[in-house]
1. Specify the residue that is least open to solvent (accessible area, probe 1.4 Å); the eligible residues are those in region 36-80 that are modelled with pLDDT under 95 and of a type in the set (D, E, K, R).
2. Looking only at region 1-35, which residues are open to solvent by less than 50 Å² (accessible area, probe 1.4 Å) and assigned to a loop (DSSP other than H, G, I, E, B)?
3. Determine the pairs where a residue that is farther than 30 Å from P30 by Cβ, located within region 60-85, has a partner that is small (G, A, S) and open to solvent by less than 60 Å² (accessible area, probe 1.4 Å) with Cβ atoms under 6 Å apart, the partner being 6 or more residues away or on another chain.
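The values are calculated or read from the model by the stated rules, or taken from the named source; none is laboratory data. Bear in mind the structure is a predicted one, so any value in this text is a computation, not a measurement. Please note: Cβ atoms are built from the backbone with ideal geometry, for glycine as well, and neighbour counts cover all protein chains shown. Each accessible area value is taken on the protein alone, full model and side chains, heavy atoms only, with ligands, DNA and RNA left out. Shrake-Rupley method; radii C 1.70, N 1.55, O 1.52, S 1.80 Å.
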Amino acid sequence: MQRTPLWMTIVIIIVSLPAFTFPALLDSCPPEAEATRTLVWIYPFYMLLSAWLAWKAYPGRSYVSWMLIGLMILTTITIRMLTEA
């Protein structure tokens, strides 16, 4: 069985790093925005699950990994926009 290359593992780790800013994101949520707070709570779990799935999928279906990485980047941008508003 083929393994995920090291360079792809590094890309996945770099894209996943914003998930570790969870405490700062939670602090920057507006207090009246419960929906935003719920999405921020889900965000780190989603990022870690997507990273694991991208890592597992790469040997057989590299395009699925790239799509997951793209979605992770878009999700990070969206969460940042939600917490800054």
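1. R37
2. Applying the first criterion (open to solvent by less than 50 Å² (accessible area, probe 1.4 Å)) to region 1-35 yields 4-5, 8-9, 11-12, 15-16, 18-19, 21-22, 25-26, 29-30, 33.
Answer for region 1-35, where residues must be open to solvent by less than 50 Å² (accessible area, probe 1.4 Å) and assigned to a loop (DSSP other than H, G, I, E, B): T4, P5, C29, P30, A33.
3. V64/A57; S65/A54; S65/A57
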